[in-house]
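Have a look at the structure below before the remarks.
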Amino acid sequence: MAGTVDTGASEPQVAVTARSSAVDAAAALLEVQRLDLVLDELAEQGANFPHKTKVAQIAQKAAEGKSLVEKLEAGIVKFEAQIAKIEKNIVDLRDKIEREQAKIDAGQIDYRQVAALSADISALNDRINNAESEQLKIMEARQEAKKRIADVQVKISELEGAKEQTLQAYRQQMAILASKTVQITAARDEKRELISPEVRESYDTQRDQRGGNVVGLFDGTRCSACSLAIPTAFIDQLTSPGDIGTCSECHRILVCLGEQHDE
Ligand SMILES: [Zn+2]
């Protein structure tokens with residue numbers, strides 16, 4: 001039995017020292033388990049910190065915004081080509097009107113030709129008006145697109161700020177968790193030194209297999225881990241403070257501490 005000490009030792013002083021170190025070892029085992037559970041909790045907090053989801057959501061929104069800006073910019077390029085094309089058309093129409101007007105002004109054509117040219121000029125002016133009003137509509141659409149780009153860019157920069165804040169909160173949280181983890185790990189390792197290598201190995205193996213609670217405290221009748229009463233036949237393994245055994249019910253490591261025998 002690991003941790004069990006022969007209390008029938010011939011030198012009482014040695015026996016008392018050994019017993020007290022056995023109690024220390026049993027208490028250390030419980031403390032190691034408690035600290036390991038705290039470390040598990042810290043690791044879980046680190047792994048489950050919601051920054052990843054938040055950052056992913058923000059990145060998604062920002063990407064949507066950027067793709068909208070690209071679309072709007074492509075739209076503006078198209079609008080500008082349309083505006084330039086209409087502009088060129090208007091210039092051509094004005095040139096034509098000027099040439100026809102020059103023919104009328106030259107005074108060398110008859111009234112029928114003048115009437116035909118005048119009708120032509122009037123039709124050309126209508127086309128110019130139509131082209132100008134179409135151009136205006138496109139200019140308005142371009143203006144609207146520019147305004148939307150500006151709005152979306154404000155949103156994108158807000159999202160970038162929110163992302164930075166989230167990451168900063170995460171880094172702060174991680175720094176706190178890391179420093180706690182270092183402290184608690186050091187405290188746990190110190191306590192581990194008090195436990196015998198066999199018990200330590202049994203604890204580590206069980207912890208790998210079961211995780212979490214692998215050590216129960218024997219209160220004289222029950223195992224604290226499974227809450228079941230230990231049959232009398234097994235109790236004699238756990239009579240002295242510092243005894244370390246196995247729970248007959250849940251097979252966890254069971255420790256006996258003196259101060260638990262109150263009842
Ligand atoms: Zn048990």
Filtered residues of the stretch 197-209 (kept if of a type in the set (Ser, Thr, Tyr) and surrounded by 16 or more Cβ atoms within 10 Å (Cβ to Cβ))
202, 203
Mind checking which residues of the stretch 210-243 are among the β-branched types (Val, Ile, Thr), in contact with a Cys (Cβ under 8 Å, 6 or more places away or on another chain) and surrounded by fewer than 17 Cβ atoms within 10 Å (Cβ to Cβ)?
239
Residues that are assigned to a helix (DSSP H, G or I) and at pLDDT below 90: does the stretch 223-232 have at least one?
yes
Out of all the residues in the stretch 185-198, is one or more of a type in the set (Lys, Arg) and either on the phi > 0 side of the Ramachandran plot or free of Cβ contacts under 8 Å to residues at least 60 places away in the same chain (or both)?
no
Restricted to the stretch 194-243, and to residues that are touching a helix residue (DSSP H, G or I) at 6+ places or on another chain (Cβ under 8 Å) and of a type in the set (Asp, Glu), which residue is nearest to the ligand (Cβ to nearest atom)?
219
In the stretch 27-83, residue nearest to the chain's Cα centre (by Cα) [restricted to those that are loosely packed, with under 13 Cβ neighbours inside 10 Å and not in a helix (DSSP H, G or I)]:
50
With the requirement that a residue be near the ligand (Cβ under 9 Å from one of its atoms) and surrounded by 16 or more Cβ atoms within 10 Å (Cβ to Cβ), what does the stretch 247-259 give you?
247, 248, 249, 250, 252, 254
Answer yes if at least one residue in the stretch 146-168 is small (Gly, Ala, Ser) and more than 30 Å from residue 78 (Cα to Cα), and no otherwise.
yes
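Results for (1) under 30 Å from residue 141 (Cα atoms); (2) outside the structural domain of residue 181 (by TED's automatic domain parsing), shown as yes or no for each residue.
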{"position": "30", "(1), (2)": "no, yes"}
{"position": "57", "(1), (2)": "no, no"}
{"position": "61", "(1), (2)": "yes, no"}
{"position": "69", "(1), (2)": "yes, no"}
{"position": "77", "(1), (2)": "yes, no"}
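The values are calculated or read from the model by the stated rules, or taken from the named source; none is laboratory data. The structure displayed is predicted, hence computed values, not measured ones. Backbone-built Cβ (ideal geometry, glycine too); neighbour counts: all protein chains shown.
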